[in-house]
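The values are calculated or read from the model by the stated rules, or taken from the named source; none is laboratory data. For clarity, every value in this text was computed on a predicted model and none was experimentally measured. Backbone-built Cβ (ideal geometry, glycine too); neighbour counts: all protein chains shown. The area values use the complete protein model at the heavy-atom level, side chains included, leaving out ligands, DNA and RNA. Shrake-Rupley method; radii C 1.70, N 1.55, O 1.52, S 1.80 Å.
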Amino acid sequence: MGSLNRVKEYESGAARYRPRAGDGVGDGVGRRTGWVARTLAAVREDLWVRRCQRLLEAYAAAPGWEEGHRFLVRRPALLEERADVVIGELVGAAERVGLSEVAEHYAFYRGILNRYREVGPERALRELTADEDDAVIDLAEQATASYERYHEGCGPDMLDAAVRGYEEVLARAAAVPTRAAAMTNLGLMLLDRAERDGSAGDTERGLALLADAVARTPPGSPERKDRTVNLAGGLLQRHRVDGATGALDRALALLEPLAGAPAPDAAATDDPGAVVLWLNLGSARYARYTALGDQTELDAAIGCYRRAVAAASVAGAEPWSSGRLLGNIATALSERYQRTGNQDDLDGALECIERAIGVTSEGSPERPARLALHAILLLERHDARGALADLDLAVEKFAAALRETPAASPERPLREGESGAVLLARYQRTGELADLDESVAVLRRAVRGRGYEAEDEAVLWGQFGTSLSVRARRRHDSDDVGQAVAALRRAVTLATGTPSRAIDLNNLGGALRLQARLLGTREPLNEAVTAYRDALDHLPPGSPRHTAALGNLGTALLARAESARAEAELDEAVSALAAAVAGTDESAPDLAGRWCNLGHGLRVRHQRTGRARDAEAATAAYRDSCSRALLAGPEAGLLAGRAWGLWAHSRGAHAEASEAFGHASEAAERLMRTQLGREAVEVWLGEFLEVPAHAAYALAATGDPRAAAVQLERGRARSLSRALERGRAQLGLLAAVRPDLVERYRHATTRVTVLEAAELAGVRPAATRAAEL
């Protein structure tokens, strides 16, 4: 079509041409001759394109490589450089209009012809038809065995040996099938090494080899499909590392046509390649979910993983691929549980990860990540149901995951971050300030680390900010809260467009709310309300995360209403706090704190309006909070009992105040029993000092002066003895020489505390394992 346009332009130009005075006839003829030459060249070019296409189709139609070779000898035009340009344009044109099979067809034969030009026709034919040398085959088998031993947990040296072996195979192999298989295996090994060491060079070379292997494999062959799936898996790995959306889009473009192909016949249903296809497609869907936050993508990912499980049950998949598949299902089900609160998803996730660990060899490079995921799921179940055994086992699993992660691994910062998370969880249950300080220290090291994947960076900064915020609240430290706000702002920015952004917004709101209180300014409080509302807009109603954000919004609105005397906002705060209580599972440890916050809201509204029903409801909420705090943790009991007691004292309700301060006193005793140093004891003493005096006053007011005196003296003696006892422990000095003993001592005191809490609550705890002490 281009040539015809140029011919028409020449003809119309000739009709308009008029010689001017001074023009030479020769000049006019030369000008027209130039037009003719260019037009003829364009016509010939068009004919050359059509000829190349016909020759290529004739070569591809040859019944064998020898027949195709004879065709090329007779018609060598296909071996010219300009033919390669034309075939490349045909590949691109077919891809642009969606004819992927045609593009693959052209690209495959283009690669064969390129090899003819590189090494000459005779050698190229030998590569296509010769049997591979037995020594090369033996070398490949040895390298494959080393690779399998690496996945079985025989150490990183096995992977390096496998890479060296396949480098040599690729250098010595002559036959095209052997070379393509070697490229595939070497590419997969380089990607594994990149995941182990964080090497961008290994990632890029591995992807290039996988792409080259696909191009050298005949279209329509089973090997072509398997190698395409492997290439897509490598692209997914690059997307995880650098967040490149182009790699994710290309992986999906490769996988979706394969998944949509007709189902294999009965004889092929045991194809192990189907397992990897559905596994990689599920991973691609999950990656798109994390990028877009669309739950349909999450559901699709779980569906793909289940297809992979069905294929694996027929094909008898290798343990390492079964472990990876089960681990991915566990991750996806856990994420869906956080969105919907469906306990079946949480139980299913735990079952999958336990099975995955069961098929993972000791020392396997994938074992630390699976142990960490198991710990995370145990924490989620603890948060949902309050089982003490789940918290203990989560600590154990996180410690094992960190211990088994090599110091140079790019996953090390993430493992440290997860360790910081479980330390924070244990602090929230026991009130042990050493755990909180260690959580901040571990996470500070993690965010300063290098090599973690793009999607993990936001998680690490978010967890670091959360731990800082919790410590700032406990120590009333404005420097910590400033760092927490900065860290959480960074996490929100890094998580833009992903589901985790809503979690970071919720945590940022908490840090801002605390900053407003510590600095006595209103602006951070306004920003906190905005952050909570934004988080709620992106969290599914009814999910655990939505419930948490709703309760936090209620607390922020309550703080703003107290200072501004905004009645409508006060009512909205109480409604949000009540909804958070209603949306929390009866066995969840968080319920104690949410009852306490609701008590605060009802108390403030009673003080504002004088409504008796609000006072009655506030008392009931505080009482419920104190009773549930036996399992939630002593900090919740101290704060709820103290707030309730002070309010009852202000109303002259002495019996009620005595009950409330009794809860606070018992919680303070348990808190100080767990502390490992004098400084930590003093922090809790600051919260506790006013409790014994108020408790004694309430008891005296109810006509029991003896109990009042005992309460006063016991409170003073308890505070002094605990401070002196922990001060004499010299655990700081012991840590320098026997840190293992310090950790065992800490674990023992923590265990005693939670066992005592269980006894008080009438709960029979899980049997204590001998290895724990």
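Things to note:
- Cα centroid separation, segment 160-178 to segment 191-215 (Å): 15 Å
- Separation of alpha-carbon centers, segment 543-591 and segment 54-91, rounded to whole Å: 73 Å
- Distance from segment 322-386 to segment 456-488 (C-alpha centre basis), Å: 27 Å
- Accessible surface of segment 40-132, 1.4 Å probe, proportion on carbon and sulfur as whole %: 51 percent
- Computed from the C-beta positions of Asp477 and Asp585, the FRET efficiency with R₀ = 30 Å rounds to 0.40.
- Residue separation of Glu362 and Leu519 scaled by 0.36 nm, minus their Cα-Cα distance, works out to 51.4 nm of gained length.
- A cut-off under 9 angstrom between Cβ atoms defines the neighbours of Tyr286, and their net charge, with Lys, Arg +1 and Asp, Glu -1, is 0.
- Accessible area (Å², per residue) of segment 335-423, counting only protein heavy atoms and a probe of 1.4 Å: 36 Å²
- The label point for Ala310 and the one for Asp571, both projected 7 Å from the Cα toward the Cβ, are 5.3 nm apart.
- Those trypsin sites (Lys or Arg not before Pro) in segment 400-490 that DSSP places in a loop and that have at most 15 other beta carbons within 10 Å: Arg448, Arg450
- Relative contact order (percent, whole number), segment 76-115, Cα cutoff 8 Å, 6+ residue spacing: 42 percent
- Percent RCO, i.e. relative contact order, over segment 539-631, from Cα pairs under 8 Å lying at least 6 residues apart: 24 percent
- What the Cβ-Cβ distance of Ala208 and Gln295 gives, at R0 = 25 Å and to the nearest 0.05, is a FRET efficiency of 0.10.
- Cβ-Cβ FRET estimate between Arg706 and Gln607, R0 fixed at 25 Å, reported to 0.05: 0.15
- Charge dipole (debye, nearest 20) of segment 590-665; +1 at Cβ of Lys and Arg, -1 at Cβ of Asp and Glu: 300 debye
- Summing Lys and Arg as +1 and Asp and Glu as -1 over all other residues whose Cβ lies under 13 Å from the Cβ of Ala653 gives a net charge of 0.
- Inter-label distance, Arg533 to Thr493: 2.4 nm, where each label sits 7 Å from its Cα along the C-beta direction.
- Computed extension gain for Ala620 through Glu256, at 0.36 nm per residue and net of the alpha carbon distance, reaches 125.3 nm.
- Taking GluC sites (Glu not before Pro) across segment 57-148, the ones in a DSSP loop with at most 15 further Cβ atoms lying within 10 angstrom of their Cβ are Glu80.
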